[in-house]
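Input: a single structure, listed below in structure tokens.
The values are calculated or read from the model by the stated rules, or taken from the named source; none is laboratory data. Note that the coordinates shown come from a computational prediction; the quantities given were computed from them, not determined experimentally. Don't worry about glycine lacking a Cβ; one is built from the backbone with ideal geometry, like all the others, and counts go over all protein chains shown. Note: accessible area is taken over every heavy atom of the protein model, side chains too, but ligands, DNA and RNA are not part of it. Shrake-Rupley method; radii C 1.70, N 1.55, O 1.52, S 1.80 Å.
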2 protein chains.
Amino acid sequence: MELQVAKDKFIHTWGTLATQWGINRTMSQIHALLLLSPKSLNADEIMEDLRISRGNVNMNLRDLMSWGLIYKQLLPGERKEYFMAEKDIWKVARQIAKERRRREIEPIIETIEDIKKSVVPDTVEKTEFLKIVGDIGVVAGFADNTIESVLKSEESWLITNFLKLFSR
Amino acid sequence: MELQVAKDKFIHTWGTLATQWGINRTMSQIHALLLLSPKSLNADEIMEDLRISRGNVNMNLRDLMSWGLIYKQLLPGERKEYFMAEKDIWKVARQIAKERRRREIEPIIETIEDIKKSVVPDTVEKTEFLKIVGDIGVVAGFADNTIESVLKSEESWLITNFLKLFSR
DNA sequence: TTGAATTTTCAAAATATTCTGAAAGTTTTT
DNA sequence: AAAAACTTTCAGAATATTTTGAAAATTCAA
């Protein structure tokens with residue numbers, strides 16, 4: 001069936017792209033699978049669909065939850081846990097931006113603060129060193145602010161809904 | 001010497017951080033070393049400083065050049081090639097943003113275009129599939145535009161110089 | 001030219017990451 | 001309280017990435 005082929009292609013490509021930017025392939029394949037699935041899926045279904053082990057599914061589902069990209073769903077009368085992806089792609093994008101900010105930018109800012117505290121600018125060399133390190137700190141701060149302000153404007157009701165018009 | 005300790009710490013930490021976001025550790029260590037070095041360095045000096053092999057140095061220097069983060073310098077009377085980092089951190093940040101845009105966002109947009117072309121929305125399922133894929137495309141496009149406009153405003157003379165005031 | 005100095009390449013080794021699967025842990029049902 | 005249904009953990013295996021180092025290629029000086 002043509003649709004299944006396209007879905008598989010999407011899931012596969014998505015996984016490959018993810019590795020390019022430091023994200024686990026299986027994690028993004030599971031995410032893609034859940035994004036495309038009209039109903040929520042349990043661990044066995046994911047195992048079967050992507051042909052991966054139970055342990056692998058379990059680990060990556062937990063990672064995806066920690067990124068805020070999927071939710072656990074407890075269906076009445078069912079023992080198994082079901083998972084569904086956040087389908088509002090704007091929410092997904094915001095979530096990813098927030099996490100990357102937290103994981104990539106914040107540690108830079110911290111490291112730089114530490115270094116600034118530990119070196120006293122009492123020679124030319126030290127002053128120059130602090131200048132470069134400080135510059136990097138300023139740029140990291142700028143990136144941090146930029147992401148924050150984009151997130152804020154994105155989050156505001158008006159903009160969110162205006163942009164959503166294009167995604168229907 | 002206190003300064004050397006701080007430099008080493010910075011180089012080491014920078015390398016570790018980089019691995020977290022999908023960039024080769026050695027590559028970012030070499031970059032950090034060159035950023036902190038007042039004079040340009042040749043391959044032997046980098047080998048000795050970071051205790052890594054010639055091949056590794058060579059590969060990563062070429063990668064750094066392809067990212068536009070370092071330059072080759074030919075010193076008169078010297079056979080060896082010397083390398084220096086772009087010291088204007090704003091330029092560095094723009095360069096990184098551009099490259100990441102090219103390597104991370106553009107492939108997403110391409111993949112999505114392909115899929116959209118290959119699936120005809122003649123059933124509910126296909127329409128839903130195309131809706132999700134299309135949404136992702138819209139978000140990727142939004143990210144692309146956002147980065148572009150930040151880069152543009154950053155690049156404009158006024159802003160660049162205004163922000164530079166803070167980094168002196 | 002020749003050959004010394006330097007850079008580049010790439011197969012194999014080292015290292016790091018991801019994945020498996022069975023055992024241990026937990027929750028629910030009987 | 002025992003068993004069944006399910007989830008989590010984690011040591012070892014599989015896979016992927018990075019690094020080495022010596023050989024090949026290139027560049028330059030004489």
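So, restricting to helices (runs of 4 or more DSSP H) that lie completely within region A:1-103, which ones have at least 1 residues that are over 29 Å from B:V119 (Cα atoms) and modelled with pLDDT of 95 or more?
Answer list for region A:1-103: A:54-66.
Mind listing just one residue for me: the one in region A:110-161 that is in contact (Cβ under 8 Å) with a residue 40 or more places away in the chain and charged (D, E, K, R) and, of those, nearest to the other protein chains (Cβ to nearest Cβ)?
A:E154
Residue under question is B:R79, and the condition is that it be among the charged types (D, E, K, R) and outside the structural domain of B:Q29 (by TED's automatic domain parsing); does it hold?
For B:R79, the condition - among the charged types (D, E, K, R) and outside the structural domain of B:Q29 (by TED's automatic domain parsing) - is not met.
Could you please find all residues in region B:37-80 being open to solvent by 30 Å² or more (accessible area, probe 1.4 Å), of a type outside the set (A, V, I, L, M, F, W, C) and touching a Lys or Arg at 6+ places or on another chain (Cβ under 8 Å)?
B:D44
Going residue by residue through region A:110-127, is there one that turns out to be over 26 Å from A:S40 (Cα atoms), open to solvent by less than 20 Å² (accessible area, probe 1.4 Å) and out of contact with any Lys or Arg (no Cβ under 9 Å at 6 or more places or on another chain)?
Within region A:110-127, one or more residues are over 26 Å from A:S40 (Cα atoms), open to solvent by less than 20 Å² (accessible area, probe 1.4 Å) and out of contact with any Lys or Arg (no Cβ under 9 Å at 6 or more places or on another chain).
Cβ contacts < 8 Å: first residue within 14 Å of another protein chain (Cβ to nearest Cβ) and within 14 Å of DNA strand D (Cβ to nearest atom), restricted to region B:30-57; second residue assigned to a helix (DSSP H, G or I) and open to solvent by less than 20 Å² (accessible area, probe 1.4 Å), any location; separation 6+ or different chain. Result?
Qualifying pairs under 8 Å: B:H31/B:L64; B:A32/B:F10; B:A32/B:I11; B:A32/B:G15; B:L33/B:I11; B:L33/B:I46.
Given the conditions (1) within 14 Å of another protein chain (Cβ to nearest Cβ); (2) within 16 Å of DNA strand D (Cβ to nearest atom); (3) open to solvent by less than 20 Å² (accessible area, probe 1.4 Å), which single one is not true for B:R100?
The one condition B:R100 does not meet is (3).
Of these, A:P76, A:P107, which one is touching a helix residue (DSSP H, G or I) at 6+ places or on another chain (Cβ under 7 Å) and within 16 Å of DNA strand C (Cβ to nearest atom)?
None of the others qualify; the one that does is A:P107.
Quick one: in region A:21-41, of everything that is within 18 Å of B:D135 (Cβ to Cβ) and among the hydroxyl-bearing types (S, T, Y), which residue is nearest to the chain's Cα centre (by Cα)?
A:S28
Identify, by number, the condition in (1) more than 27 Å from A:A140 (Cβ to Cβ); (2) open to solvent by 50 Å² or more (accessible area, probe 1.4 Å); (3) within 13 Å of DNA strand C (Cβ to nearest atom) that A:Q20 doesn't meet.
It fails just one condition, (1).
Considering only residues that are open to solvent by 40 Å² or more (accessible area, probe 1.4 Å) and within 16 Å of DNA strand C (Cβ to nearest atom), look in region B:81-97 and name the one that is farthest from the other protein chains (Cβ to nearest Cβ).
For region B:81-97, the residue satisfying everything is B:E81.
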